[in-house]
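Comments concern the structure below.
The values are calculated or read from the model by the stated rules, or taken from the named source; none is laboratory data. These figures come from a predicted structure and were not determined experimentally. Cβ sites come from the backbone with ideal geometry, for glycine too, and all protein chains shown count toward neighbours.
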Amino acid sequence: MSHALEPETISSIWWPDEPRLSPDGRRVVWTAAPLGREGEHAESSLWVADVGGGEAGRRWTRGSEDSCPQWSPDGTRIAFLSDRAERGTAGLHVLDATGGESRPVAVRKRSIAGFAWSPDGARLAFLAPDEPTPDDERRDEERDDADEHGAGWRHHRLWVVPADGGDPVRSWAPERHLVDLAWSPDGRRIALLVQRSPLTEHRLGTDVWVYVVGAGDGVRLAAAHSGSSIGWSGDDTVVWAGDHEPVPQCSGTAWAAAADGGAPRVVGTEVDEECCTIGVHHAPDGTGTLATIADGLDTRLEWLDPATGVRRVAETVGGEVRGVAVVSTSAGPVVAVAALDGGLAGRVLAGRPGDLRTVSDHHLQDGGDGVVLGVAEALVCTASDGTRLDAVVIRPPGGDSGGGGPWPTAVLVHGGPYGRSGRWAHAHPLDWAQLLATRGYAVVMPNYRGSLGRGNAFATAARGTMGSVEWDDVLTTVDAAVAAGIADPDRLGIGGWSQGGFLTAWAVTATDRFRVGVMGAGVSDWGWMAATSDLPDFEAVLGGSRPWDGPGPHRAALGSPLSYAARRTTPLLILHGKEDLRVPYSQAVALHRALVDQPAPLALVGYPREPHAVQERAHQVDLQRRVVEWFDRHVRGLTS
């Protein structure tokens, strides 16, 4: 007999990330961490496996937060970031590729944010703020720490240190914030992504700069359109991932520009394609560039040729990709992928394109203890205007082949909006699909307008439209699941995190169709999101206006659940981290105040210390148990 998947099991899952291949393509290192944090500080470890298979992946490090592994150009060392010297402060360390103890290369009072090997392996460039001055330390000790906006921002600087250790040299320190770097294959230049300030809200204005090593200054190359994953194609072309448009809420692509200057050009998915580039991955020697492409519910890797713009498929990957690495060897390219698919834990795959094999599944692909997982299936439907909508459904285990529907149903809405629900297990503390499916629920996960995977027009349709087209898409998907005999129209609940939390709040103030709502870190007032979120411009674009756009009426109010609070008759559970900067806790408090005197059941649960994504294991377990309790009580009429 199958058992339900328990919250403790979900929070104990280890997810792999950041795979990196040795230069000869024979070994892969990656990081893995449990979804739930046990203590004050996070823990993640380095794991290593042979690409050829045979011996299972081995855990190499313990007891600290280890991340960002990178092989030295000769393959004899692995550099990585770790807080092993001072918990909570990342330093730069190097480990011999044969094992043994690591040694610190640069350990400072303030964390290092990113690094890159020089092509000759003699040096490491890294990004970090200046160290605190004696006056800074005095002010901290005496709590003389008034924070004037814009004064004393800790911009990341560019530093270079010998790989064998020594004193780091500050190489470039503009009054800007450096966020990513890549050393050119010939060692003459370093490409960087640069923001105005360390504030998250300024990442929308990220630029590409090129620093000539030893020259003492950098040159702005191009606007990066919220860039990430910068790298090189050859010695003269810079490639990065970025948005199609400088305005928030659009689809992603890959860009390239000549390092000596010239207009940037799209080398990934085109603006009129109905798919999206969601990642760019560079061979360290500049000889190959891969892109991760989301196409509806499908995911594939494509080779990019920045010189010609030609793309060709390298590999089709089931599920969702978390990280990719590529190296060029004398026998051809080798690729490694960290992916989430039908099992509980993610897998690391590696090998020649077209022949990727699992090198580690972290020993947890089923639910354990007799737990049988539900299978993620595609559900395709059509909106009233003819737009195709891709969704995912998970029936209760066994229901995919044995019938038995319709079932009590959880409609779970993803965040973003520029995200998607894809074909993977959906076992996560903030994604309750497998948690509920193993308890007898059918789960319906709509990919509404604004989601990734369908191109730029589909993504931008969510600008300034909150509570309209994306909500209609949710209802269309629910209707399709009912028509397919999966969802029981009389036993529906809805829930989600972030944007999914907003759409849950919208649902309970727009209709009485659902028996329960679970609003996780959701928006109740778009105007105040523009005023208080750490991404104000993004939130203003979604909501359609800002509070200071005159006395109103404002478009943001039309799409805010708070405006319609009096209409709520559905039981609602509100879950929110109290230190959330993306969707401030005040969004939950405001809606709770508006609803508290109504007769329908209502609960607000705030989690101390938690940011937008709840991280502490005890909080994650509590949160999941409350979700199950509310769905069971109000959708199925069960009591504990």
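Could you run through segment 306-332 and say how many residues are within 14 Å of residue 233 (Cβ to Cβ) and touching a residue at least 40 places away in the same chain (Cβ under 8 Å)? Walk me through it before giving the result.
Narrowing segment 306-332 to residues within 14 Å of residue 233 (Cβ to Cβ): 306-311, 326, 328.
Next, from what is left, pick out any that are touching a residue at least 40 places away in the same chain (Cβ under 8 Å): 306-307, 309, 311, 326, 328.
Looking only at that region, the number is 6.
Output the number of residues of segment 336-352 satisfying the condition of being more than 30 Å from residue 437 (Cα to Cα) and in contact (Cβ under 8 Å) with a residue 60 or more places away in the chain. Steps first, please.
Restricting attention to segment 336-352, the residues satisfying the condition of being more than 30 Å from residue 437 (Cα to Cα) are 336, 350-352.
Then drop every residue that is not in contact (Cβ under 8 Å) with a residue 60 or more places away in the chain, which leaves 336, 350-351.
Going through segment 336-352 one residue at a time, the tally reaches 3.
Check residue 132 against each of (1) in contact (Cβ under 8 Å) with a residue 60 or more places away in the chain; (2) under 14 Å from residue 157 (Cβ atoms); (3) not basic (Lys, Arg) and name the one condition it does not meet.
Residue 132 satisfies all of (1) in contact (Cβ under 8 Å) with a residue 60 or more places away in the chain; (2) under 14 Å from residue 157 (Cβ atoms); (3) not basic (Lys, Arg) except (1).
For residues in segment 217-244 being part of a loop (DSSP other than H, G, I, E, B) and at negative phi, which is surrounded by the most Cβ atoms within 10 Å (Cβ to Cβ)? Spell out the reasoning first.
So in segment 217-244, the residues part of a loop (DSSP other than H, G, I, E, B) come out as 217, 224-227, 234-236, 244.
Filter once more, so that each one left must be at negative phi: 217, 224, 227, 235-236, 244.
Details: 217: 9, 224: 30, 227: 23, 235: 14, 236: 15, 244: 23.
By that ranking, first place goes to 224.
Suppose we filter 359, 371, 393 for residues that are of a type in the set (A, V, I, L, M, F, W, C), outside any loop (DSSP other than H, G, I, E, B), crowded, with 17+ Cβ neighbours inside 10 Å and at pLDDT below 95; which single one remains? Steps first, please.
Values: 371 fails: outside any loop (DSSP other than H, G, I, E, B); 393 fails: at pLDDT below 95.
Being of a type in the set (A, V, I, L, M, F, W, C), outside any loop (DSSP other than H, G, I, E, B), crowded, with 17+ Cβ neighbours inside 10 Å and at pLDDT below 95 holds for just one of 359, 371, 393, which is 359.
Yes/no matrix, rows are residues, columns are (1) in contact (Cβ under 8 Å) with a residue 24 or more places away in the chain; (2) assigned to a loop (DSSP other than H, G, I, E, B); (3) in contact with a Cys (Cβ under 7 Å, 6 or more places away or on another chain); (4) not aliphatic (A, V, I, L, M):
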{"residue": "408", "(1), (2), (3), (4)": "yes, no, no, yes"}
{"residue": "412", "(1), (2), (3), (4)": "yes, no, no, no"}
{"residue": "415", "(1), (2), (3), (4)": "yes, yes, no, yes"}
{"residue": "419", "(1), (2), (3), (4)": "yes, yes, no, yes"}
{"residue": "423", "(1), (2), (3), (4)": "yes, yes, no, yes"}
{"residue": "435", "(1), (2), (3), (4)": "yes, no, no, no"}
{"residue": "448", "(1), (2), (3), (4)": "yes, yes, no, yes"}
{"residue": "454", "(1), (2), (3), (4)": "yes, yes, no, yes"}
{"residue": "458", "(1), (2), (3), (4)": "yes, no, no, yes"}
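Which of the residues spanning segment 104-132 are over 29 Å from residue 175 (Cβ atoms) and touching a strand residue (DSSP E or B) at 6+ places or on another chain (Cβ under 6 Å)?
The one that is over 29 Å from residue 175 (Cβ atoms) and touching a strand residue (DSSP E or B) at 6+ places or on another chain (Cβ under 6 Å): 104.
Show the residue pairs meeting these rules: Cβ distance below 6 Å; 6+ apart or different chains; first residue within segment 494-520 and under 16 Å from residue 472 (Cβ atoms); second residue polar (S, T, N, Q) and part of a helix (DSSP H, G or I).
Correct list of pairs: 494/504.
With respect to residue 89, is the statement that it is under 30 Å from residue 431 (Cβ atoms), of a type in the set (Val, Ile, Thr) and either in contact (Cβ under 8 Å) with a residue 24 or more places away in the chain or in contact with a strand residue (DSSP E or B) (Cβ under 9 Å, 6 or more places away or on another chain) (or both) true?
On the way: under 30 Å from residue 431 (Cβ atoms): no; of a type in the set (Val, Ile, Thr): yes; either in contact (Cβ under 8 Å) with a residue 24 or more places away in the chain or in contact with a strand residue (DSSP E or B) (Cβ under 9 Å, 6 or more places away or on another chain) (or both): yes.
When the stated conditions are applied, residue 89 does not pass them.
When only residues in segment 51-85 that are acidic (Asp, Glu) and at pLDDT 95 or above count, which is surrounded by the fewest Cβ atoms within 10 Å (Cβ to Cβ)? Full working, then the answer.
Taking segment 51-85 first, the residues acidic (Asp, Glu) are 55, 65-66, 74, 83.
Remaining after also requiring at pLDDT 95 or above: 65-66, 74, 83.
On the way: 65: 21, 66: 26, 74: 13, 83: 21.
Applying the filter and picking the extreme gives 74.
Please indicate, with yes or no, whether at least one residue in segment 23-31 is basic (Lys, Arg), within 24 Å of residue 327 (Cβ to Cβ), surrounded by fewer than 20 Cβ atoms within 10 Å (Cβ to Cβ) and touching a residue at least 24 places away in the same chain (Cβ under 8 Å). Let's see the steps before the verdict.
Just the residues of segment 23-31 that are basic (Lys, Arg), to begin with: 26-27.
Those still in the list that are within 24 Å of residue 327 (Cβ to Cβ) too: 26-27.
Narrowing further to those that are surrounded by fewer than 20 Cβ atoms within 10 Å (Cβ to Cβ): 26.
Within this subset, residues satisfying the condition of being touching a residue at least 24 places away in the same chain (Cβ under 8 Å) are 26.
Checked segment 23-31: at least one residue is basic (Lys, Arg), within 24 Å of residue 327 (Cβ to Cβ), surrounded by fewer than 20 Cβ atoms within 10 Å (Cβ to Cβ) and touching a residue at least 24 places away in the same chain (Cβ under 8 Å).
Could you tell me which residue of segment 174-186 is farthest from residue 222 (Cα to Cα), considering only residues that are out of contact with any Leu (no Cβ under 6 Å at 6 or more places or on another chain) and surrounded by 15 or more Cβ atoms within 10 Å (Cβ to Cβ)?
Restricting attention to segment 174-186, the residues satisfying the condition of being out of contact with any Leu (no Cβ under 6 Å at 6 or more places or on another chain) are 174-177, 182-186.
With surrounded by 15 or more Cβ atoms within 10 Å (Cβ to Cβ) added as a condition, the list becomes 174, 176-177, 182-185.
Numbers: 174: 17, 176: 15, 177: 16, 182: 16, 183: 17, 184: 17, 185: 20 Å.
Of everything passing the filter in segment 174-186, 185 is farthest from residue 222 (Cα to Cα).
What is the residue count in segment 142-164 for residues that are modelled with pLDDT under 90 and not in a loop (DSSP other than H, G, I, E, B)?
Total meeting the criteria: 1.
Which condition from (1) closer than 19 Å to residue 261 by Cβ; (2) basic (Lys, Arg); (3) not in a strand (DSSP E or B) is the one that residue 203 breaks?
(1)
Testing residue 329 on (1) of a type outside the set (Asp, Glu); (2) surrounded by fewer than 20 Cβ atoms within 10 Å (Cβ to Cβ); (3) over 22 Å from residue 69 (Cβ atoms), one condition comes back false. Which one is that?
(3)
Quick one: count up the residues across segment 276-295 that are touching a residue at least 60 places away in the same chain (Cβ under 8 Å) and within 18 Å of the chain's Cα centre (by Cα).
Residues flagged as touching a residue at least 60 places away in the same chain (Cβ under 8 Å) and within 18 Å of the chain's Cα centre (by Cα) within segment 276-295 amount to 4.
Within the set of pairs 6 or more residues apart or between chains, which connect a residue that is over 21 Å from residue 8 (Cβ atoms) inside segment 627-640 to a residue that is surrounded by 22 or more Cβ atoms within 10 Å (Cβ to Cβ) and hydroxyl-bearing (Ser, Thr, Tyr) with Cβ atoms less than 8 Å apart?
Partner pairs satisfying both residue conditions: 635/409; 635/441.
List the number of the failed condition for residue 623; all other conditions in (1) in a helix (DSSP H, G or I); (2) aliphatic (A, V, I, L, M); (3) without any contact (Cβ under 8 Å) to a residue 12 or more places away in the chain hold.
(3)
Note down all Cβ pairs under 7 Å where the first residue falls in segment 584-598 and is within 16 Å of residue 497 (Cα to Cα), the second is assigned to a loop (DSSP other than H, G, I, E, B) and hydrophobic (A, V, I, L, M, F, W, C), and they're at least six residues apart or on different chains.
From residues that are within 16 Å of residue 497 (Cα to Cα), the pairs are 587/523.
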